[in-house]
Amino acid sequence: MAEGNTDTKSSNQMWGGRFASGPDAIMEEINASIGFDKKLFAQDIRGSIAHATMLAHQGIISADDKDKIVHGLNTILSEIESGNFEFSRQLEDIHMNVEARLATLIGPAAGRLHTARSRNDQVALDFRLWVKEELQKTEAMLTNLIAAFLDRAEEHADSVMPGFTHLQTAQPVTFGHHCMAYVEMFGRDRSRVRHAIEHMDESPIGAAALAGTGYAIDRHMTAKALGFREPTRNSIDTVSDRDFAIEFLAIAAICAVHLSRLAEEIVIWSTPQFGFVRLSDAFSTGSSIMPQKKNPDAAELVRAKTGRINGSLIALLTIMKGLPLAYSKDMQEDKEQVFDAAESLELAIAAMTGMVRDMTINTIKMKAAAGSGYSTATDLADWLVREAGLPFRDAHHVTGRAVALAESKGCDLSELPLADLQAINPAITDKVYDVLTVEASVASRKSFGGTAPSEVRKQIAYWRARN
């Protein structure tokens, strides 16, 4: 997709006589990008209309030629959108396909459109516009996903479940608090999306091949017309920069990791051994030979999409790592990675939003599991520090002995007789039983950002206000 990189007879007829013959079949196969960059048709036409309008405003082309160009481009846009446009591999890319059709429609005036620009800044513009629009779409989808979690968190601010470290029962938390952990994750993803839009909000058009142009163009006019904050400030960097695409893929990869962690939890939670959640038929499938099974296929596929997205990021980083300034044809390989990752991320966010809103929460099983594994042991240690005045390390040791005793008796801490507890440490009183229930445990965690229902509701209110 670079200026000066065409060998086909058709494009020679359009814009140059450097090459006398058409390309070898292998060269045509490796050089053509129309198979995937036709996705940029709307951005390409939008950029060309802005460019032609600016050229006419600056007196570089006539108003009559501009009107013909704009009318022709809008006709091509309608043809493509209606499926009546025939793309040609011999014309390599979306730019030459559009320009060839424009020449057929309006004649010589079409040749004036490429004044003061190159395919290098043209593709940089098209791709940047596409990525910016995709980021805006991702921002909206993340907002919907966050809203879904806020609804479930509010619904289950008091629902007790086990909190885990090392996938071992650690301390009781609430399901609402667990949901809010994902609100924080996807909130960071959305923040990264917003920052990326700000970073890339500069118009490349007018940088030309790499050195700018001698025509008296107005790059600020085209930047404004295309919705950019301002034009880019260095023509060499402009045509060689793909940071915006790499940043999009990095954001997508981080977000996909968050989605994958959630998917893994849904897979675990939906097993009969856990039974914390039940997915609806809309997001699960049956087994071909085992009628009792309900497989969390949607969650598993979200988990798998992460590998594709991560691979796209590594691919583009590797493509760009050794390129000298300014443009190299290697950069044609940037788009398929971004297109594929964007499609995968959209699908994964949509599927996860549906699962979060749709799944049934089994609060009874969650509460029963919350009390397993001596999850209130830390509460006992804290009580010994707070009420009996023990140093925490001593309290930790006493609690460890109490847990060992409960294990030997096959009971929970709250079921140990007071005499047994006092045999371990005489400072223990019957008031200790007030902190050994899972409800008391979560209610006591009132530190900022803690799992106490009152604190969870504060965080929900905070996120509601900014979502």
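May I ask you to list the aspartates and glutamates whose Cα is less than 20 Å away from that of residue 305, ignoring any residue fewer than eight positions away on the same chain?
Those aspartates and glutamates meeting the cut-off are 134, 139, 189, 247, 264, 265, 297, 334, 336, 340, 343, 346.
Sticking with the crude label model, points 7 Å out along Cα→Cβ, report the distance from residue 431 to residue 168 in nm, one decimal please.
Using points 7 Å along Cα→Cβ, the separation is 3.2 nm.
What trypsin sites (Lys or Arg not before Pro) does the range 51-108 have in DSSP loop regions with at most 16 other beta carbons within 10 Å? The partial results should precede the final answer.
Values: sites: 66, 68, 89, 101; in loops: none.
Of the trypsin sites (Lys or Arg not before Pro), not one in the loops of the range 51-108 has a Cβ with at most 16 other Cβ atoms within 10 Å.
Which distance in Å, rounded to a whole number, links the C-alpha centroids of the range 69-112 and the range 30-44?
Cα centroid to Cα centroid, the span is 13 Å.
Sketch the reach of a paramagnetic label on residue 467 as a point 7 Å from Cα along Cα-to-Cβ, and name the residues of the range 131-150 whose backbone nitrogen lies under 16 Å away.
The answer is 139-150, whose backbone nitrogens lie closer than 16 Å to the label point.
Identify, among 259, 350, 414, the residue whose Cα sits farthest towards the positive end of the charge dipole of the chain, taking +1 on the Cβ of Lys and Arg and -1 on the Cβ of Asp and Glu, with the dipole about the Cα centre.
Projecting each Cα onto the dipole axis, the largest value belongs to 414.
Compute the separation of the alpha-carbon centres of the range 239-279 and the range 303-326 and state it in Å as a whole number.
The distance from the Cα centre of the range 239-279 to that of the range 303-326 comes to 18 Å.
Heads up, I need the accessible area for residue 182: 1.4 angstrom probe, whole protein in place, Å², nearest 10.
10 Å²
In whole percent, what relative contact order does the range 407-467 give with Cα contacts below 8 Å and a gap of six or more residues? All intermediate terms of the calculation are to be shown ahead of the outcome.
Details: 31 pairs, mean separation 9.9, N = 61.
This gives 16 percent for the range 407-467.
Express the Stokes-Einstein translational diffusion coefficient of the range 135-175 in µm² s⁻¹, to the nearest whole number, given a Kirkwood radius over alpha-carbon pairs, 25 °C and a viscosity of 0.890 mPa s. List each step's numbers first, then the result.
Values: Rh = 12.0 Å.
Answer, rounded: 205 µm²/s.
Can you check what the net charge comes to around residue 231, using other residues whose Cβ is under 15 Å from the Cβ of residue 231 (Lys, Arg +1; Asp, Glu -1)? Intermediate results must be reported in sequence, preceding the final value.
On the way: positive: 117, 128, 132, 219, 224, 229, 233; negative: 121, 201, 202, 218, 230, 237, 241.
With Lys, Arg at +1 and Asp, Glu at -1, the net is 0.
Can you give the relative contact order of the chain as a percent, counting alpha carbon pairs under 8 Å and 6+ residues apart?
On the way: 684 pairs, mean separation 77.5, N = 467.
Reported relative contact order: 17 percent.
Dipole magnitude of the chain about its Cα centre, charges +1 at Lys/Arg Cβ and -1 at Asp/Glu Cβ only, in debye to the nearest 20?
I would put it at about 520 debye.
Accessible area per residue, 1.4 Å probe, Å², for the chain: what's the number?
46 Å²
Find, among the trypsin sites (Lys or Arg not before Pro) in the range 157-239, those assigned to loop by DSSP (not H, G, I, E, B) with at most 12 other beta-carbon atoms within 10 angstrom.
Numbers: sites: 188, 190, 192, 194, 219, 224, 229, 233; in loops: 229, 233.
Sparse-neighbourhood loop trypsin sites (Lys or Arg not before Pro): 229, 233.
Once a ≥ b ≥ c are taken as the square roots of the eigenvalues of the Cα gyration tensor of the range 249-393, is the result rounded (a/c under 1.5), prolate (a/b larger than b/c) or oblate (a/b not larger than b/c)? All intermediate terms of the calculation are to be shown ahead of the outcome.
Values: a/c = 3.96, a/b = 1.57, b/c = 2.52.
The shape class here is oblate.
Looking at the chain only, what percent of DSSP beta bridges run antiparallel? Nearest 5 please.
Details: 8 of 10 bridges.
Roughly 80 percent of the beta bridges in the chain run antiparallel, per DSSP.
The values are calculated or read from the model by the stated rules, or taken from the named source; none is laboratory data. These numbers come from a predicted model, not from an experiment. Heads up, the Cβs are rebuilt from the backbone with ideal geometry, glycines too, and the neighbour counts pull from every protein chain shown. Side chains are part of the model used for accessible areas, which takes the heavy atoms of the whole protein and leaves out ligands, DNA and RNA. Shrake-Rupley method; radii C 1.70, N 1.55, O 1.52, S 1.80 Å.
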